[in-house]
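Engineer: I'd like to ask some things about the structure below.
The values are calculated or read from the model by the stated rules, or taken from the named source; none is laboratory data. What you see is a predicted model, and the numbers here were worked out from it, not measured in a lab. In this analysis, Cβ positions are derived from the backbone assuming ideal geometry, glycine residues included, and neighbour counts consider all displayed protein chains. When the accessible area is computed, the model is the full protein with side chains, heavy atoms only, and any ligands, DNA or RNA have been set aside. Shrake-Rupley method; radii C 1.70, N 1.55, O 1.52, S 1.80 Å.
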Amino acid sequence: MSAAMEYKQIVGLAGKAAEELRAWERRRAEELDGEIAAAEAAVVESRERETRTVQGAQHWWRMAQDNVSRLPWLEVGADPSPAPHGYASRLDLYLREVKEAYQELVDAVLSLGWRARR
């Protein structure tokens, strides 16, 4: 085989390798675009869940304030703030716990005598 033929073969292989690399890069870019879109959708969904949870917690807090406002000897504390160490996967559980705590408060207020509620 002559030097010219070897050169042509090497150039051909290098061209083929470059073409395969470009094809791989295109496929990988498409994969990454899909992953980015999925991650963005997950962020939007997480923000919506967080907003719904905050609204739910604020709802139960306002109801608790209303119950406690009828007790002149008890002062309402500061509004609750989100816990930065909470787990997103447990938002429903946290909200259920708030609802259960509210129900315990209602039961406690109802169990008071009528004089304590004035």
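Engineer: Which residue pairs have Cβ atoms under 9 Å apart, sit 6 or more places apart or on different chains, and have a first residue in the stretch 55-79 that is among the basic types (Lys, Arg) and a second that is modelled with pLDDT under 90 and open to solvent by less than 70 Å² (accessible area, probe 1.4 Å)?
Structural biologist: If the second residue must be modelled with pLDDT under 90 and open to solvent by less than 70 Å² (accessible area, probe 1.4 Å), the pairs left are ARG70/VAL109.
Engineer: Collect the residues in the stretch 58-86 that are modelled with pLDDT under 85 and of a type in the set (Phe, Trp, Tyr), keeping them in residue-number order.
Structural biologist: TRP73
For every residue, the table says whether it meets (1) assigned to a helix (DSSP H, G or I); (2) under 14 Å from the mean Cα position of the chain (by Cα); (3) over 19 Å from TYR102 (Cα atoms).
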site: GLU19; (1), (2), (3): yes, no, yes
site: SER46; (1), (2), (3): yes, yes, yes
site: GLU50; (1), (2), (3): yes, yes, yes
site: PRO72; (1), (2), (3): no, no, no
site: PRO82; (1), (2), (3): no, yes, no
site: HIS85; (1), (2), (3): no, yes, yes
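Engineer: Let me ask another. On the given criteria, is ALA29 exposed (fewer than 11 other Cβ atoms within 10 Å of the Cβ) and either of a type in the set (Lys, Arg) or modelled with pLDDT under 90 (or both)? Reasoning before the result, please.
Structural biologist: Working: exposed (fewer than 11 other Cβ atoms within 10 Å of the Cβ): yes; either of a type in the set (Lys, Arg) or modelled with pLDDT under 90 (or both): no.
Considered against the rule, which asks whether it is exposed (fewer than 11 other Cβ atoms within 10 Å of the Cβ) and either of a type in the set (Lys, Arg) or modelled with pLDDT under 90 (or both), ALA29 comes out as no.
Engineer: Cβ-Cβ below 7 Å, separation at least six or inter-chain, first residue in the stretch 98-117 and within 16 Å of TRP73 (Cα to Cα), second surrounded by 12 or more Cβ atoms within 10 Å (Cβ to Cβ) and at pLDDT 90 or above: which pairs?
Structural biologist: That search, which allows pairs on different chains as well, returns LEU105/ALA64.
Engineer: Right, another one. Suppose the filter is among the aliphatic types (A, V, I, L, M) and either free of Cβ contacts under 8 Å to residues at least 24 places away in the same chain or exposed (fewer than 10 other Cβ atoms within 10 Å of the Cβ) (or both); does ALA23 pass it?
Structural biologist: Details: among the aliphatic types (A, V, I, L, M): yes; either free of Cβ contacts under 8 Å to residues at least 24 places away in the same chain or exposed (fewer than 10 other Cβ atoms within 10 Å of the Cβ) (or both): yes.
Criteria met by ALA23.
Engineer: Identify all residues within the stretch 1-17 that are open to solvent by 100 Å² or more (accessible area, probe 1.4 Å) and outside any helix (DSSP H, G or I); write none if there are none.
Structural biologist: The answer is MET1, and nothing else.
Engineer: So which residues in the stretch 61-87 are loosely packed, with under 11 Cβ neighbours inside 10 Å and in contact with a Lys or Arg (Cβ under 9 Å, 6 or more places away or on another chain)?
Structural biologist: If the condition is that a residue be loosely packed, with under 11 Cβ neighbours inside 10 Å and in contact with a Lys or Arg (Cβ under 9 Å, 6 or more places away or on another chain), then PRO72 is the only one that fits.
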